[in-house]
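A quick write-up on the structure given underneath.
The values are calculated or read from the model by the stated rules, or taken from the named source; none is laboratory data. Keep in mind it's a predicted model, so treat the numbers as computed, not measured. Here the Cβ positions follow ideal geometry from the backbone for every residue, glycine too, while neighbour counts run over all protein chains shown.
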Amino acid sequence: MQGTRRAMLLGAATLAAAPWVRAQGAPPFRFALTPVFLDNDAAVISALRSALAAGMGQDIELVQRRTYQEISGALLDGSVDAAWTCGYPYLQHRSEFRLLGVPVWRGRPLYQSYLIVGADDPATALPDLRGTTHAFSDPDSNSGYLVTASNLAQSGETPDQFFSRVIFTYGHRNVVRAVAGGLTRSGSVDGYVWEALNAAEPDLTARTKVISRSEWLGFPPFVARSDRIGDPAVSACGAALLALSATAEGRAALRVLYLDGVAAPDDALFDGIAARMAALEGG
Amino acid sequence: MTSLPRFRDLPVTLRVPLITAGLMILLGLLASQSVLATLGRVQDARLSEAARLHLEGLSVALGPSVLRQDVWEVYDILDRARSAYDGRRLLLSVVADERGRILAATDPRRAPVGEDVATFEADAVLPPEIRMTGDPVLRVSAPLLYQGREIGRIVTELDVTDLLAERRSVAMWLLFGNTAATALLAFGGWLAVARILRPVGTLVQAMDDSRGAPRPIPDVDIPRGDPGLARLIQTYNRMTTAVESRAEAERRLAERERFVSLGRLSSSLAHEVNNPLGGLLNAADTLRTYADRPEVVRQSAELMQRGLAHLREVTRAILEQHRLDRAGQPLRPEDFEDLRLLFEPEAASRGQVLDWELNAGASVLARLPAAPVRQVVLNLLLNAAAAAGQNGRVGLDVANGQDRLSVTISDDGPGLGQADLGRLLGAGPLPPGGGVGLRLVRDLVTGLGGAIQHERLETRTLIRIEFPLRGSADA
């Protein structure tokens with residue numbers, strides 16, 4: 001079943017690539033962004049595009065998609081050349097995708113998943129939230145779904161059973177908004193995004209509080225399709241990403257992203273996520 | 001009840017501006033009411049339109065999400081719509097699915113997901129029916145239509161505090177504005193009316209200040225631009241001349257009355273002079289005949305001296321009576337002796353009995369002027385003598401009280417007629433025919449601040465004059 005879907009996606013990618021081949025005089029490099037970070041921040045997008053374009057010496061088209069599933073689909077069908085996605089979808093498509101680099105945050109290419117509640121909520125841990133409403137970011141997000149779902153799976157429960165209502169907001173910032181606004185009592189959010197929001201929009205995060213943090217897990221990586229990893233453009237993209245901290249534009253982009261740099265690919269960083277995937281499937 | 005007569009008593013120059021001000025206030029109230037009603041309608045229309053646009057806009061945006069029952073999408077749209085819209089106006093928006101279960105609200109804590117929307121729809125109205133009720137929070141509710149099908153409901157709470165404040169502010173401005181405008185116009189009206197009515201004021205003042213002798217208004221003060229008022233003032237001026245003429249005539253009559261009173265005494269006084277003259281002539285004959293008899297000469301000389309002394313007294317009394325211009329001369333007991341001297345022959349000629357009682361000291365009498373009192377008493381005595389008739393009885397009683405001198409003249413005549421009483425006691429116009437003696441009495445008494453009382457006791461008529469004593473009470 002999986003093989004059939006892959007073949008179909010590859011076919012679609014070939015079809016989609018046909019017009020691109022004809023227009024290869026100056027094809028822009030298409031880079032997909034995910035709701036991992038502050039997806040509504042035009043300054044971030046602009047800085048990242050400038051930095052990548054400068055590093056690659058090529059036009060960059062930043063493509064935004066609502067869900068990780070759409071990003072993965074776009075990578076697979078070739079409608080985008082590279083993407084910044086999450087460790088969970090990367091591992092879901094480990095055979096098709098290859099790491100280009102892993103962002104370094106606070107000195108390490110790692111981050112945590114936070115369980116947050118309203119600022120005045122008495123809950124102190126996940127078990128206190130039984131029977132309440134919960135906001136996830138994306139069903140394919142590690143920090144915004146997998147961590148909490150795998151924690152519940154360890155006690156043999158699913159989110160739908162444990163919570164009275166579960167909603168997907170398709171954005172870590174949206175999870176914080178949902179909890180801060182009282183739409184749900186708790187939420188699973190990317191720790192890096194919550195910390196970045198805490199610096200950029202302290203009024204928003206002040207209405208929430210973190211009651212539990214996961215272990216350190218592999219930071220959402222930059223990936224490309226395995227079969228295109230040798231493409232000069234893709235290679236250039238990987239090199240540009242790794243060299244971001246070496247250029248002025250790159251440092252500017254990293255500054256607005258609250259990142260330190262991009263580390264070389266290392267699959268071992270995502271072992272923790274793989275373990276949680278196994279726990280979820282096992283649960 | 002007393003305010004109306006008081007208002008009527010106000011001068012016309014005040015009443016007209018007051019009425020103008022009253023009408024302005026009434027007009028201001030009506031205008032304010034109209035403005036507020038219009039403002040209310042405009043606000044209602046504005047509110048209704050805003051609510052309609054808000055709900056319709058949300059309806060369009062929310063349709064697919066509500067159909068999918070996507071809680072986050074619905075919340076996200078509501079939340080972004082609230083911050084994009086006039087955030088102060090929209091307090092709460094609640095979206096429910098077709099079963100009436102809340103999908104999301106701008107404030108999920110107030111309207112939790114899954115609750116029944118009915119509690120929020122309790123007093124909600126459709127957008128076209130929304131009206132300002134004075135409540136700072138109003139609720140509107142509308143069905144959520146998507147592709148022609150009702151898929152849910154939207155309830156919105158609107159904060160109309162600002163509109164209420166605007167209404168209050170307009171009402172306050174109207175109040176202050178109208179008050180200021182009314183005050184200004186009333187003041188202007190007062191100025192205009194006062195200017196228009198100035199000639200009337202002059203006329204009233206001329207009449208008030210005249211103290212019974214109306215003063216004509218100078219030609220320069222006659223408003224030529226107002227023919228009606230000019231005619232009125234000219235008529236008034238003609239009237240004042242007529243009144244002056246009449247007052248002059250009355251003065252002359254009163255002047256003449258003094259001679260009249262003496263004239264009325266003339267025959268008795270003639271007797272009074274004539275009688276001693278006979279005796280004196282006899283004495284002169286006796287002297288001539290018995291010039292060599294010293295005792296007869298002495299007796300005749302004494303007789304002549306007494307007769308001449310009497311004549312001198314009578315002449316002096318007549319002169320005194322005539323000299324009414326003795327301004328400032330105080331009243332003395334001798335003045336009553338003079339009056340008796342003048343009047344006694346008149347009474348005697350009619351065989352009348354004269355009761356003469358003078359019970360007031362000189363110091364009391366001195367606190368009254370002589371001339372008017374003498375004139376008053378003489379006139380009344382003459383009237384009393386005329387009324388008492390042959391062999392009648394006439395009385396004079398002068399007595400002093402604490403602070404007044406009381407002079408009572410009595411007679412046993414038939415009493416005073418209505419016309420005479422009118423002259424003596426009333427201030428009205430003099431009836432034609434009849435003398436002015438009694439009116440002169442009244443005028444003199446009034447001039448001295450005194451009072452006249454008339455009394456009829458069986459067969460006697462009593463006229464009592466009370467003269468207030470001037471100066472400190474040292475009597």
*Residue that is touching a Pro at 6+ places or on another chain (Cβ under 8 Å), acidic (Asp, Glu) and in contact (Cβ under 8 Å) with a residue 12 or more places away in the chain, where the choices are B:ASP397, B:ASP403*: B:ASP403
*Could you grab me the full set of residues in region B:20-45 that are without any contact (Cβ under 8 Å) to a residue 60 or more places away in the chain and within 23 Å of B:VAL140 (Cβ to Cβ)?*
B:ALA37, B:THR38, B:ARG41, B:VAL42, B:ALA45
_Of all residues making up region A:124-173, the number that are surrounded by fewer than 22 Cβ atoms within 10 Å (Cβ to Cβ) and more than 23 Å from A:TYR111 (Cβ to Cβ)_ = 14
*Filter region A:113-143 down to residues that are small (Gly, Ala, Ser) and in contact with a Cys (Cβ under 8 Å, 6 or more places away or on another chain) and give me whichever is farthest from the other protein chains (Cβ to nearest Cβ).*
A:SER143
*Which condition number in (1) modelled with pLDDT under 85; (2) surrounded by 14 or more Cβ atoms within 10 Å (Cβ to Cβ); (3) more than 52 Å from the chain's Cα centre (by Cα); (4) of a type in the set (Val, Ile, Thr) is the one that B:ILE318 fails?*
(3)
*Please go through region B:372-400 and pick out each residue that is of a type in the set (Gly, Ala, Ser) and surrounded by 24 or more Cβ atoms within 10 Å (Cβ to Cβ).*
B:ALA384, B:ALA385, B:ALA388
*Select from region B:64-110 the residues that are more than 13 Å from chain A (Cβ to nearest Cβ) and under 18 Å from A:GLY182 (Cβ atoms) and list them in ascending order.*
B:ALA81, B:GLY87, B:LEU90, B:LEU91, B:ALA96
*Sort through B:ALA242, B:ALA284 and tell me the only one that's surrounded by fewer than 14 Cβ atoms within 10 Å (Cβ to Cβ), of a type in the set (Gly, Ala, Ser), without any contact (Cβ under 8 Å) to a residue 60 or more places away in the chain and within 30 Å of B:LEU197 (Cβ to Cβ).*
B:ALA242
_Scope region A:146-170; condition at positive phi and within 9 Å of chain B (Cβ to nearest Cβ); matching residues_ = A:TYR170
*Which residues, counting only those in region B:111-161, are within 14 Å of another protein chain (Cβ to nearest Cβ) and closer than 19 Å to B:LEU91 by Cβ?*
B:ALA111, B:PRO112, B:VAL113, B:GLU115
*Within the bounds of region A:194-210, is there any residue that is under 16 Å from the mean Cα position of the chain (by Cα) and under 16 Å from A:TYR145 (Cα atoms)?*
yes
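For (1) free of Cβ contacts under 8 Å to residues at least 60 places away in the same chain; (2) in contact with a helix residue (DSSP H, G or I) (Cβ under 6 Å, 6 or more places away or on another chain), each residue gets a yes or a no:
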{"site": "A:ALA47", "(1), (2)": "no, yes"}
{"site": "A:ALA54", "(1), (2)": "no, yes"}
{"site": "A:LEU62", "(1), (2)": "yes, yes"}
{"site": "A:SER72", "(1), (2)": "no, yes"}
{"site": "A:LEU100", "(1), (2)": "no, yes"}
{"site": "A:ARG106", "(1), (2)": "no, no"}
*Given the structure, is A:LEU76 within 24 Å of A:PRO232 (Cα to Cα), more than 14 Å from chain B (Cβ to nearest Cβ), surrounded by fewer than 23 Cβ atoms within 10 Å (Cβ to Cβ) and not small (Gly, Ala, Ser)?*
yes
*Which residues, counting only those in region A:194-207, are farther than 19 Å from A:PRO139 by Cα and more than 14 Å from every other protein chain (Cβ to nearest Cβ)?*
A:GLU195, A:ALA196, A:LEU197, A:ASN198, A:ALA199, A:ALA200, A:PRO202, A:THR205, A:ALA206
*Inside region B:90-169, counting only strands (runs of 3 or more DSSP E) that do not spill past its ends, which hold 2 or more residues that are surrounded by fewer than 19 Cβ atoms within 10 Å (Cβ to Cβ) and either in contact (Cβ under 8 Å) with a residue 12 or more places away in the chain or under 60 Å from the mean Cα position of the chain (by Cα) (or both)?*
B:137-146, B:149-159
_Give me the residue from region A:174-193 that is assigned to a helix (DSSP H, G or I) and either within 12 Å of chain B (Cβ to nearest Cβ) or among the hydroxyl-bearing types (Ser, Thr, Tyr) (or both) and, out of that set, surrounded by the fewest Cβ atoms within 10 Å (Cβ to Cβ)._
A:ALA180
*On the given criteria, is A:SER150 in a strand (DSSP E or B) and either touching a Gly at 6+ places or on another chain (Cβ under 9 Å) or in contact (Cβ under 8 Å) with a residue 12 or more places away in the chain (or both)?*
no
*Of the residues that make up region B:67-87, is at least one in contact with a Gly (Cβ under 8 Å, 6 or more places away or on another chain), in the same structural domain as B:SER48 (by TED's automatic domain parsing), hydroxyl-bearing (Ser, Thr, Tyr) and within 24 Å of B:GLU49 (Cα to Cα)?*
yes
*Determine whether region B:374-392 contains at least one residue that is part of a strand (DSSP E or B) and touching a residue at least 40 places away in the same chain (Cβ under 8 Å).*
no
